[in-house]
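Inspection log for the structure reproduced underneath, given as structure tokens.
Each value in this text was obtained by applying a stated rule to the coordinates, not by laboratory testing. Keep in mind it's a predicted model, so treat the numbers as computed, not measured. Cβ: placed from backbone, ideal geometry, glycine included. Neighbour counts: every protein chain shown.
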Ligand SMILES: Cc1cc2nc3c(=O)[nH]c(=O)nc-3n(C[C@H](O)[C@H](O)[C@H](O)COP(=O)(O)O)c2cc1C
């Protein structure tokens, strides 16, 4: 696809291929891996603004970063403008110059709390959130969906509002909330929003190959693409999209295992890397048997031994 740098606020993002926020996955190790494979910007998993306020434990791991990772965006969610602003100003967000506000999450618990995709139904509140967060001095971006359902598409108007409130970039997931992650991406809605605003627009949804990204950029006129699920099966999709050299799976796996262990305890590392190996093994001969063994593995060393058998 056509690569270019993006200027967002006072920051230059190396290229226009982004790794999406993925709850349960885009931790430090996964982001560092994708960055090494060419991703221009990676997002943390969504972090609760209230959780930051009340000091819930897992924010430490969710927001771990270091200089090896480079520029990273933190994603937060919530519905109270003051609490979201306080999150932007929280010391744990200090290493992240870009803060993204989640306005697309369809998970019932989040939606019922008036957070995530519920903000699509409350555009005034959504605007107030962005206005308040901008006061923190962070570069504020917003990730949202095209609507709650097919009868109420809000993309263009919502994009305008977010720009007017001070967002520096928007990412549009071209599906409605009721479709969760299924079905075609409505590229026309993204295209209409792109025409309506001056800030960079990133198109998201259904990018599983370089061909998909070229198509999505052409159809929407967007400034870049964001990749989500495809990266779970193969973080080296970023190599294909950014012309970055690939490496073998075992090397990749070893790096991820090491970096996960740097931040998380052995129990978490074991459970997480089992999950990742199960993604990476898909399509390999004997995948079902490997998966069964992986899920019985009790330590990072055991997982590594199986990985060496698969990819060594
Ligand atoms: C397991 C999983 C976790 C996700 N977590 C988040 C999240 O924390 N924040 C967010 O904005 N979107 C989240 N999403 C949505 C993705 O970022 C993305 O918008 C969606 O998967 C569509 O892109 P794709 O078709 O490339 O997968 C998640 C999606 C999945 C499958």
Problem set entry | All-pairs Cα distance distribution in region 230-289, expressed in whole percent, bin size 10 Å | 21, 48, 29, 3
For this session: Return the FRET efficiency for the residue pair residue 254, residue 287: r is the Cβ-Cβ distance, R0 is 22 Å, and the value is rounded to the nearest 0.05.
Result: 0.65
For this session: With everything on Cα atoms, drop me the angle between helix 155-165 and the longest principal axis of the chain, reported from 0 to 90° to the nearest 10.
Result: 80
For this session: Pull out a ≥ b ≥ c, the square roots of the eigenvalues of the alpha-carbon gyration tensor of region 6-242, then state rounded if a/c is under 1.5, prolate if not and a/b is larger than b/c, and oblate in the remaining case.
Result: rounded
For this session: Enter the angle in degrees (range 0 to 90, nearest 10) between the Cα long axis of helix 187-196 and the first principal axis of the Cα atoms of the chain, meaning the one along which they spread out most.
Result: 50
Seminar exercise, completed: Label model pair residue 243, residue 180: point-to-point distance (7 angstrom along the Cα→beta-carbon line) in nm is 3.9
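Would you work out the relative contact order for the chain, in percent, from Cα pairs under 8 angstrom that are 6 or more residues apart? Could the numbers behind the result be given before it?
Details: 621 pairs, mean separation 48.6, N = 312.
Reported relative contact order: 16 percent.
Grab the DSSP H runs of the chain that are 4 residues or longer, score each as -39,500 (n - 2.57), total them, divide by all residues and round the 222 nm result to the nearest 500 deg cm²/dmol.
Values: 15 runs with 139 residues, N = 312.
After summing the helix terms and dividing by the residues of the chain, the value is -12500 deg cm²/dmol.
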Exercise. Where is the GNM fluctuation largest for the chain (alpha-carbon springs, 10 angstrom cutoff): 274, 175, 31?
Worked result: 274
Problem set entry | Helix axis angle, 266-280 relative to the chain longest principal axis, alpha carbon, degrees | 90
Seminar exercise, completed: Output row, site residue 266, 7 Å Cα→C-beta label point, backbone N cut-off 17 Å, window region 278-311, residues 296-306
For this session: Return the distance in nm (one decimal) between the two label points of a simple spin-label model at residue 302 and residue 198, each offset 7 Å from Cα along Cα→Cβ.
Result: 5.9
